[in-house]
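Presented below is the structure to which this report refers.
The values are calculated or read from the model by the stated rules, or taken from the named source; none is laboratory data. Just so you know, these numbers come straight off a predicted model, no measurement behind them. Backbone-built Cβ (ideal geometry, glycine too); neighbour counts: all protein chains shown. Please note that ligands, DNA and RNA were not included when accessible areas were found on the heavy atoms of the full protein model with its side chains. Shrake-Rupley method; radii C 1.70, N 1.55, O 1.52, S 1.80 Å.
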Amino acid sequence: MSAAPELVIGVLLPDLLGTYSDAGNAVVLAQRARWRGIDAGILCVTADTSPPAGCDLYLLGGGEDAAQLFAIEWLARHRTLRRALSERASTFAVCAGLQILGTTLTDVQGRCHGGLGLLDLTTAPRRRRAVGEVITRCVLPGVGLLTGFENHRGATTLGIGVRPLGQVLSGVGNGVPPASRRPAGRTWPVGPSSGGGIEGAVTDRVVATYLHGPVLARNPALADYLLSRVTGQGFPDPDPPEVPDLPGLRRGYLSPTPPRRARFRSHLKPW
Amino acid sequence: MAAVRGWARPPPMRPARLVSSPQFRRGWWTWVAMRAGLAAGWLSRRLGLGAGVIIRGRVTLALCPSALSRLAAGRRVVLVSGTNGKTTTSHLLAAALRTAGPVAHNATGANMGDGAVAALAADPDAPVAVLEVDELHLAAVATAVDPAVVVLLNLSRDQLDRGSEVRAVAAALAGALSAHPDTVTVANADDPMVVWAATQSPRASTVWVSTGGRWNGDATSCPRCGTTLHGNGDRWRCRCGLARPAPHWVASEAAAVRDRHVIPVGLRLPGQFNLGNAVTAMAAAELMGVDPRRAAAAMSLLPDVAGRYAVVTYRERELRLLLAKNPAGWAEMLGVLDEARPLLVVVNAREADGRDTSWLWDVPFEEIAGRPVVAAGEHCADVGVRLTYAGVEHATVADPLAALALLPTGVVDVVANYTAFHQLRRRLTAAGGESTR
Ligand SMILES: [Zn+2]
C-alpha cells in the first residue's frame with residue numbers, strides 16, 4: 001500500500017451540500033496539485049461518518065435550506081473537526097458553506113439561527129433570489145478576475161473581522177455594501193438589489209464565496225492560491241498546458257457584453 | 001385480459017366520466033380563440049419562425065384565458081411530469097392509449113400551459129389526452145384540466161437557475177396532488193423525492209412503480225427531515241419513517257412484473273430507464289382501461305421519441321442521437337453508450353437548458369475515457385475543461401457538424417442537451433442528413 005498522500009482535501013457533507021456540483025472544486029485542486037508533483041488525495045466526508053480532523057484543506061459546498069441547518073448542527077457536534085477548522089486547517093466555502101460559517105443566519109421565515117462563527121458575517125434573506133453570472137476583481141494577490149455563477153437568496157453583511165474576497169464588476173455578490181459606504185441609520189439589506197459591489201469573505205484561514213461553476217474550475221489562479229497557501233509552495237503559471245480549454249472558457253465568461261462594459265466603468269471607483 | 005382482471009387491483013379510481021358532446025360544452029368564444037391560435041400557428045410556420053405550437057397555444061390563451069379548462073372539459077386527461085423521461089413516457093403512453101381510440105398529445109414536448117392548449121385544440125374530438133407537463137407548471141395545469149391520472153417519474157436537479165430547489169418542486173407537486181384527491185397518481189417508488197411528494201395528501205391513491213433508476217445524487221438527504229438517507233434504488237428508508245413503498249409494478253429485465261405476473265416488454269428504445277418509463281406508462285394505461293399486454297405491444301413499435309434515439313446518416317457517419325440535459329439523464333445515458341464508439345458531446349446553456357453549467361461536474365465523465373471524444377456546442381469550453389480534469393482526451397470545436405469531421409467514420413454516439421439537440425437536428429435536416437430509422 002502507498003503511504004498517505006502529502007495533501008489531503010476533505011469534502012465536507014457532499015451528500016447534503018452537493019446541490020451545485022461544488023465538489024468539482026476538490027477534483028480541480030487535487031488534479032492541479034498532482035500536475036505540480038504533489039501527491040494529493042480527496043476524502044469525502046458524509047453525514048453518517050465521523051469526520052477526520054487531519055485534512056489540510058476542507059471544502060464546503062452549496063445546498064438547500066433544510067440541509068444547511070442540518071450541516072451547522074453536524075459541524076458544531078463534531079468538536080475536533082470544528083477545532084481543526086478554527087485553529088489549523090484551511091477552509092474553502094461556497095454559497096451555503098459561506099453562510100454556515102458566519103455568526104448568524106436568518107431563514108426566509110425570519111427565524112434566526114446561529115452559525116459556526118468562523119467568519120465574522122451575518123446573512124439575512126434577500127427579497128429576490130440572485131441568479132446569474134458574476135464577475136469580480138479578487139483582492140487576493142495574483143488572482144485577478146473571478147468568474148462564477150451565483151444562485152442564492154442571502155444578503156451577507158461582513159463584520160470587521162473579515163475582508164471581502166472581491167469587488168463586484170457584474171452580478172450581485174454579497175448584496176450588502178461594506179460598512180464604510182452604508183448610510184448611518186439604515187438597516188441592511190434594503191430593496192431587491194441593495195447592490196454594494198462586494199463578494200465573498202476572506203480571513204487567514206478561510207476563503208468563502210457565493211460563486212459556483214465550480215468556481216475553481218473557472219478560476220485556476222484561485223485554485224493555485226489555495227494550494228500555495230496549504231503547501232507553502234508558489235505556482236507561477238495559472239494556465240498550465242494541461243487544460244487547453246481554459247483560456248477559451250475564461251475569455252467566454254470574462255469578455256464583457258456592451259451593457260456589462262458600461263457597468264464595469266461605474267464600478268471602478270475604489271470602495 | 002382475463003389474467004389482468006384477476007390481479008390485485010391498485011387503489012380504486014372513480015368511474016370514467018362520460019363524454020357529453022363533441023364540442024364538450026366549450027362555448028363559442030373558445031372556438032374563436034382556438035381558430036385564431038391555429039391561424040397564428042399556420043402563419044408562424046409559413047414565415048419559417050418555427051413549428052408554431054407555442055404561438056398557437058399563446059394566442060388561444062390570450063384571447064380566452066380559460067381555454068385550457070374549456071378544452072379539457074369532458075375528456076379524461078393524464079398528466080406526465082418529473083425531471084427526466086416526460087417526453088418519452090408521454091409518447092409511450094399515447095401509443096398505448098391509441099389502441100383504444102384517438103388521443104390528444106403534446107408530442108413536440110411543448111410542456112407548459114400553451115403547449116397543452118395547442119395539443120387539445122389540435123385534437124378537439126379526442127376523448128382522452130396525454131399531456132407532458134413541466135414540473136413547475138403541474139399545479140396550474142392540474143387545476144385547469146382536473147386530471148384522471150398524474151404520472152410522477154422522478155425529481156432531480158435540473159436548471160437550478162430557475163430558482164427552484166428540488167425539494168421546493170416536490171413540495172409544489174405535493175400541493176397539486178392534494179388539491180385533486182380524486183386523481184390517481186402513478187409514482188416512482190424508487191425516488192425518495194417523488195415518494196415524499198406523493199404521500200403528502202392523506203386521501204391520495206397511488207400506484208407505485210419500481211423503475212430501477214441508476215442515479216440518486218439528490219436523494220441522499222431525506223426530503224422530509226434532511227438527514228442522510230440510507231440505502232438506494234429499491235431499498236431505502238429514513239429514520240423519520242419515510243421509506244420506499246411496496247411497488248405494484250416492477251421494471252425488470254425486459255419485462256414488467258405486476259404482482260407475480262410477468263409481461264414481456266420489447267422496446268426499440270434503449271436502456272433500463274426507458275424500460276422504467278414503459279412500465280410506468282403501462283401502469284397508467286391500465287388505469288385508463290387499456291390492457292397492459294396490448295399497451296406493451298403498441299409501445300414496442302415506437303422507433304424514436306421526437307428525434308431522440310433516432311439514427312441519422314451524415315457524411316459517412318451513422319449518428320445515434322441522444323438527449324441528456326442533467327446529471328441524472330447523463331447517468332442513464334452512460335449505460336447506453338458503446339464504450340468503443342466515438343462520442344460527440346454537445347452542450348449549450350440557454351434559457352431552456354439552464355444558464356449554469358456546473359452540473360457537468362456531477363456527470364462521471366471519467367467513464368468515457370478511452371474512446372475518441374469531441375466537445376462541441378456553445379459551451380464546448382466548459383465541457384472541455386471538465387473532460388480534461390476527468391482525464392478524458394478530447395478535441396474541442398464549437399460547431400457540432402465541424403466537430404463530427406474530427407471523429408472516425410462509422411457509427412457515432414451524439415449526446416446533446418436540450419437546445420443543442422434541437423439545433424443539431426435542424427442543422428442535420430438542413431444539411432441533408434438522412435433518418436435511417
Ligand atoms: Zn427523513
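Here are the numbers for this structure:
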| read-out | value |
| --- | --- |
| For residue A:169, distant residues with modelled amide H under 5 Å away | A:135, A:136, A:137 |
| Within the accessible area of the stretch B:88-141 (1.4 Å probe), percent carbon and sulfur | 60 |
| Directionally averaged shadow of chain B, computed from the convex hull of its alpha-carbon atoms, nm² | 20.5 |
| Beta bridges per DSSP with both ends in chain B, % antiparallel, nearest 5 | 30 |
| For the protein assembly as shown: accessible area per residue (Å², 1.4 Å) | 39 |
| Given charges at beta-carbon only (K, R positive; D, E negative), |dipole| of the stretch B:281-366 in Debye | 280 |
| Averaged over B:376-384, number of beta-carbon atoms from partner chains that fall within 10 Å | 4 |
| Interchain or long-range residues, amide H under 5 Å from residue B:129's placed H | B:76, B:77, B:78, B:104 |
| Contact order relative to length of chain B, as percent, for alpha carbon pairs under 8 angstrom and 6 or more apart | 13 |
| FRET efficiency for residue B:300 and residue A:205, using Cβ-Cβ distance with R0 set to 60 Å, rounded to 0.05 | 0.45 |
| Protein heavy-atom accessible area occluded, B/A pair - total, 1.4 Å probe, Å² | 2700 |
| Antiparallel bridge percentage (DSSP; both residues within the protein assembly as shown; nearest 5) | 45 |
| Residue-wise HN-Hα coupling along the stretch B:37-46, computed from phi with Karplus coefficients 6.51, -1.76, 1.60 (Hz; x: Gly, Pro) | x, 4, 5, 4, x, 4, 4, 4, 5, 5 |
| Segments B:371-378, B:168-175 sorted - mean Cβ within 10 Å per residue, highest first | B:371-378, B:168-175 |
| Length released on extending from residue B:311 to residue B:200, taking residue separation times 0.36 nm less the Cα-Cα span | 35.7 nm |
| Area of residue B:208 that stays accessible when all protein chains are in place (1.4 Å probe, Å², to 10) | 20 |
| Those Cys residues of the protein assembly as shown for which no other cysteine Cβ falls under 4.7 Å | A:44, A:55, A:95, A:112, A:138, B:64, B:380 |
| Gaussian network model of chain B, Cα within-10 Å springs - most flexible of B:407, B:136, B:43 | B:43 |
| Hydrodynamic radius of the stretch B:72-299 per Kirkwood, over alpha carbon pairs, in Å | 17.3 |
| Additional length obtainable on full extension of the chain from residue B:393 to residue B:179, 0.36 nm per residue less Cα span | 71.9 nm |
| Alpha-carbon spread of the stretch A:2-153, three principal axes, descending order, Å | 51, 37, 25 |
| Among B:206, B:256, A:11 - extreme Cα towards positive end, dipole of the protein assembly as shown, charges at beta-carbon | B:206 |
| Amide H contacts under 5 Å for residue B:356, placed H, 5+ residues apart | B:161 |
| Distance in nm between pseudo-label sites at residue A:228 and residue B:261 (7 Å out along the Cβ direction from Cα) | 7.1 |
| Within 10 Å of each Cβ in A:208-219, the average number of Cβ atoms from other chains | 3 |
| Given charges at Cβ of Lys, Arg, Asp, Glu: chain B dipole, positive-most of B:143, B:73, B:83 | B:73 |
| Three-way shape label, the stretch B:311-435, alpha-carbon gyration tensor, a/c 1.5 | oblate |
| Chain B, dipole about Cα centre (Lys/Arg Cβ +1, Asp/Glu Cβ -1), debye to the nearest 20 | 1480 |
| Heavy-atom accessible surface of the stretch A:99-170: percent carbon and sulfur, 1.4 Å | 51 |
| Sequence ranges A:108-120, A:71-83, B:108-120, ranked by mean other-Cβ count within 10 angstrom, highest first | B:108-120, A:71-83, A:108-120 |
| Potential lengthening between residue A:49 and residue A:108 on full extension [0.36 nm per residue; Cα-Cα distance subtracted] | 18.2 nm |
| Antiparallel DSSP beta bridges within the stretch B:72-299, percent to nearest 5 | 35 |
| Exposure ranking of B:86, B:325 by accessible area [1.4 Å probe, largest first] | B:325, B:86 |
| Listed peptides A:201-213, B:283-295 by packing density, highest first (mean Cβ within 10 Å) | A:201-213, B:283-295 |
| Residue-averaged beta-carbon neighbours from other chains (10 angstrom radius) around A:58-70 | 3 |
| Coarse-grained scattering of the stretch A:50-119 at q = 0.14, 0.18, 0.20, 0.28 Å⁻¹, given as base-10 log I(q)/I(0) from a Debye sum over alpha-carbon atoms | -0.39, -0.64, -0.78, -1.45 |
| GNM result for chain B, Cα springs below 10 Å: residue of B:303, B:270, B:202 fluctuating most strongly | B:202 |
| Projected label distance in nm at residue A:4 and residue A:255, using a 7 Å step from Cα toward the beta-carbon | 4.8 |
| The stretch B:232-350: C-alpha gyration tensor shape, a/c 1.5 cut-off, then a/b vs b/c | oblate |
| Pairwise Cα inverse-distance average, inverted: Kirkwood Rh of the protein assembly as shown (Å) | 27.0 |
| The protein assembly as shown, dipole about Cα centre (Lys/Arg Cβ +1, Asp/Glu Cβ -1), debye to the nearest 20 | 2080 |
